[in-house]
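Asker: My questions all concern the structure below.
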Amino acid sequence: MLRAVLDANVYVSAIIQPRGTLGRLLGKFLHAETFEVVLSPAIVDEVLRALAYPKVRKLLRGVDAQLWFEDIVVLADLVAGAQQLSGVCEDPDDDKYVAAALEGRAAYVVTGDQAFPALKEHAGVANVTPRSFLDLLGS
């Protein structure tokens, strides 16, 4: 089964637009179990911070984002976060995604971040757009 690390922006976009590409991608994880999500404590923290931003909360239309994300965390493979990387990505804050993928034996980091895909691949981990990943899953 495919294993992937999803960037924080994927979760935020998915909860805001559940019928959009990213919402469908999360739906494939939550309902169809077509791939496994790998998370690390640092990624969980970043997603929870992003979901708490006032501008994001305004767009949630009453959805409890923390509860929604807790469901994902329970179903995901949560790695310890022991693997540390630095200098792999242009933005040092993105290194945690590649580190989690390596630690959790995930083949993909899925991100809509335009700066991130400058790094196409690192140590066998491919960086792909959400659309490309949906195509891989056979949407």
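Just so you know, all these numbers are worked out from the coordinates, no wet-lab data involved. These numbers were taken from a predicted model, which means no experiment stands behind them. Virtual Cβ from ideal backbone geometry, glycine too; neighbours counted across all protein chains shown.
Asker: Students often check this: by mean Cβ neighbours within 10 Å, which of 20-30, 4-14, 103-113 ranks highest, and how do the rest follow? If you can, show how the numbers build up before the last one.
Answerer: Values: 20-30: 17.6, 4-14: 23.6, 103-113: 21.2.
In descending order of packing, they fall as 4-14, 103-113, 20-30.
Asker: Restricting to bridges with both residues inside segment 3-137, how much of the DSSP beta-bridge set is antiparallel, in percent to the nearest 5?
Answerer: Details: 2 of 12 bridges.
Roughly 15 percent of the beta bridges in segment 3-137 run antiparallel, per DSSP.
Asker: Next question, about the same structure. What does the charge dipole of the chain about its Cα centre add up to, to the nearest 20 debye, if the Cβ of each Lys and Arg holds +1 and the Cβ of each Asp and Glu holds -1? Could you put the intermediate results ahead of the total?
Answerer: Working: 13 positive and 18 negative charges, 120 e Å.
Using Cβ point charges on Lys, Arg, Asp and Glu, the chain gives about 580 debye.
Asker: Still on this model: What do you get for the angle between helix 65-75 and the principal long axis of the chain? Use alpha-carbon atoms, 0 to 90 degrees, nearest ten.
Answerer: In the chain, helix 65-75 runs at an angle near 50 degrees to the longest axis.
Asker: Given R₀ = 25 Å, what would the calculated FRET efficiency be for Asp64 paired with Glu121, taking r from the Cβ atoms and rounding to 0.05?
Answerer: Values: r = 37 Å, r/R0 = 1.47.
With a Förster radius of 25 Å, E is 0.10.
Asker: Just the Cα atoms of segment 23-139: what Rg and Dmax do they give in Å?
Answerer: Spelled out, the Cα radius of gyration and Dmax of segment 23-139 are 14.3, 41 Å.
Asker: Between Tyr53 and Thr129, what FRET efficiency follows from the Cβ-Cβ distance if R0 is 30 Å, with the result rounded to 0.05? Walk me through the numbers on the way to the answer.
Answerer: Numbers: r = 23 Å, r/R0 = 0.76.
That pair, Tyr53 with Thr129, gives E of 0.85.
Asker: Along its three principal axes, how long is segment 55-98 when you only count alpha carbons? Whole Å, largest extent first please.
Answerer: Dimensions of segment 55-98 along the principal axes of its Cα atoms: 39, 25, 10 Å.
Asker: Can you list the aspartates and glutamates whose alpha carbon sits under 16 Å from that of Lys96, skipping same-chain ones fewer than 8 residues off?
Answerer: Asp7, Asp45, Glu46, Asp77, Asp113, Glu121
Asker: Along segment 123-129, what does the Karplus equation 6.51 cos²θ - 1.76 cosθ + 1.60 (θ = phi - 60°) give for ³J(HN,Hα), rounded to whole Hz, x for Gly and Pro?
Answerer: Using θ = phi - 60°, the values come out as 6, x, 9, 8, 9, 10, 6 Hz.
Asker: So, counting K/R as plus one and D/E as minus one, what does the shell of residues with Cβ under 9 Å around Gln84 add up to? Can you show the working numbers first?
Answerer: On the way: positive: Lys96; negative: Asp95.
Charge balance near Gln84 sits at 0.
Asker: Does anyone have the angle between helix 41-52 and the longest principal axis of the chain? Alpha-carbon axes, 0 to 90°, nearest 10?
Answerer: Once rounded, the angle reads 30 degrees.
Asker: Can you find, among Leu6, Pro130, Val79, the residue farthest towards the positive end of the dipole of the chain? Put +1 on the C-beta of Lys and Arg, -1 on that of Asp and Glu.
Answerer: Final value for the positive-end residue is Pro130.
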